[in-house]
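The next block holds one structure in the form of structure tokens; read it before the comments.
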Amino acid sequence: MKKVINIIWNISFIFYLLALVMLLFVGVMFVGARGHVWTDLSLIEYLRRSSNFVPFKTISIYIKAMFNGSLNISIPIKNLLGNLIMFLPMGIYLPYYIKKINKVGRFTFSMIILLFVIEVTQLVTRRGSFDIQAC
């Protein structure tokens with residue numbers, strides 16, 4: 001029975017990773033997160049338009065816009081909750097597969113590195129935008 005559960009767990013992890021890749025890289029293939037087509041821009045212009053290197057900047061913009069009514073509340077909720085829901089399973093899978101990540105500090109550091117790698121990969125491949133939201 002334990003072997004069957006382990007197989008199901010491994011298959012669910014593979015499906016999760018495939019879904020993550022589809023959402024992060026394939027789903028936004030030629031359209032950036034802000035709805036712009038990035039393929040015709042130089043790399044420098046692409047970096048300028050699609051990147052945010054300031055932690056909490058996007059969250060701050062969302063909060064201000066929600067309070068002054070200039071932004072539909074569904075946009076930040078979809079963005080922030082979507083990111084949270086998208087990476088929540090990683091909090092279960094990562095410690096399961098890497099036993100050394102069973103402490104909060106190690107897990108947090110590992111997640112920061114993983115998210116940074118994903119953001120940089122999106123930046124380099126021009127699939128989405130580099131946005132350090134710190135959430």
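The values are calculated or read from the model by the stated rules, or taken from the named source; none is laboratory data. Predicted model, so just to flag it, every value in this text is computed and none were measured. Note: ideal-geometry Cβ built from the backbone for every residue, glycine included; neighbour counts use all protein chains shown.
Of the helices (runs of 4 or more DSSP H) entirely within region 56-135, those holding at least 3 residues that are modelled with pLDDT of 85 or more and under 16 Å from Tyr16 (Cβ atoms) occupy 74-87, 90-97, 104-125. Residue count for region 23-48 under the criterion of being modelled with pLDDT of 75 or more, over 21 Å from Met86 (Cβ atoms) and surrounded by 13 or more Cβ atoms within 10 Å (Cβ to Cβ): the result is 2. The residue that is surrounded by the most Cβ atoms within 10 Å (Cβ to Cβ), among those in region 83-110 that are more than 23 Å from Ile11 (Cα to Cα) and not aliphatic (A, V, I, L, M), is Arg106.
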